[in-house]
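No lab work stands behind these numbers, since they all come straight from the coordinates. As the structure is a computational prediction, the values presented were derived from the model and not from experiment. All Cβ positions, glycine included, derive from the backbone under ideal geometry; neighbour counts span all protein chains shown.
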Amino acid sequence: MRIDFIGVGFGRSGSKWLANCLYEHPEISIPKFNLHTEINYFPEEYEVMGLKNYMKKFLNCNFEKKVGELSTLIIWDKKSAKLLKMLFPNVKIIIYRRDEKERVRSTRNVAYNYDLVNDASISKNLLHEINQEKYIEPWIKEFGKNNVFVYDFEKSDKDKQKELNKLFRFLGVSEFTPPSIGIRKNSDYVDKERKQVRTVRYPIIRKIINKIKIKLKSNKKLYYTLKRNFHFDYLFQLVNHNL
């Protein structure tokens, strides 16, 4: 079973929108799970569970098309680039990014107001400003410039179709206009004017879930077994979107 591309970009940088655009392309196949959230399998879960559990996510994909997935936590670990190069030497890498101040603003909004945390205990998305280039460089070093596509959402705002066409050419598929191209996905605001920050509906339930997740993660083997083999990751997202 092959993987043609893996997205490893920064969280809060349009990954859900991009996942929908890729999913809608007739020549691309990504797991439906990616429409809910990112897979984020490497490197930690791979080290605990191996590659077999990862490949389960692609069982319903059409391998007559270009197959891949999008994640947002892989890029934070320095050893990820070398690991993926070893496992998938011919895979193409997509890195999605946005203005760093905007990334941090959005990440903090979600952490403080939705996840009800003030650190990276629930998600590894960093809440402070970083030099994005330092996180991108290892991927270019391992895979080469021709096999890494940096999707810049600042450029995309000016002409989404133009930037998508560049990405489609990079993946070796035809130009296409996805139905989701003009739809904002997973915004940290509830209004189009971006004045009202999204907040959690049921804070007590959120706090309970946070405590359970942290405790479960202390036993990584159990946590990842429940997460993948019993589809707790999918069930959690169904609950999470209603919180």
Q: Report the extension gain between ALA120 and LYS101 in nm, rounded to one decimal, defined as 0.36 nm multiplied by the number of residues separating them, less their alpha carbon distance.
A: 5.1 nm
Q: For the chain, with a Gaussian network of springs between Cα atoms less than 10 Å apart, report the residue from SER106, SER15, SER121 with the top mean-square fluctuation.
A: SER121
**Q.** FRET efficiency, 1/(1 + (r/R0)^6) with R0 45 Å, evaluated for PHE63 and ASN113 via beta carbons
**A.** 0.65
Q: Starting from the Cα-Cα distance between HIS36 and MET1, subtract it from 0.36 nm times their residue separation and give me the gain in nm to one decimal.
A: 10.3 nm
Q) Among bridges DSSP assigns within the chain, what percent are antiparallel (round to 5)? A) 5
Q. Taking the highest mean first, how do the peptides 187-199, 227-239 order by number of other beta carbon atoms within 10 angstrom per residue?
A. 227-239, 187-199
(Q) I want to verify a result. In a Gaussian network model of the chain, Cα cutoff 10 Å, which of these has the top mean-square fluctuation: LEU222, LEU167, LEU83? (A) LEU222
Q: Report, ordered by chain and residue number, the lysines lying within cross-link reach of LYS221, taken as a straight Cα distance under 27 Å and ignoring same-chain residues fewer than 8 apart.
A: LYS32, LYS52, LYS56, LYS57, LYS78, LYS79, LYS82, LYS85, LYS124, LYS207, LYS211, LYS213
Q) Quick one: net charge of GLU154's neighbours, Cβ under 12 Å, K/R +1, D/E -1? A) 0
Q: May I ask for the distance between the Cα centers of segment 1-68 and segment 143-164, given as a whole number of Å?
A: 18
**Q.** Length released on extending from LYS145 to LEU83, taking residue separation times 0.36 nm less the Cα-Cα span
**A.** 20.5 nm
(Q) Taking the Cα centre as origin and putting +1 on Lys and Arg beta-carbons and -1 on Asp and Glu beta-carbons, what dipole magnitude results for the chain, to the nearest 20 debye? (A) 620
Q: Take peptides 130-136, 66-72 and line them up by average Cβ neighbours within 10 Å, highest first, as a rough protection proxy.
A: 66-72, 130-136
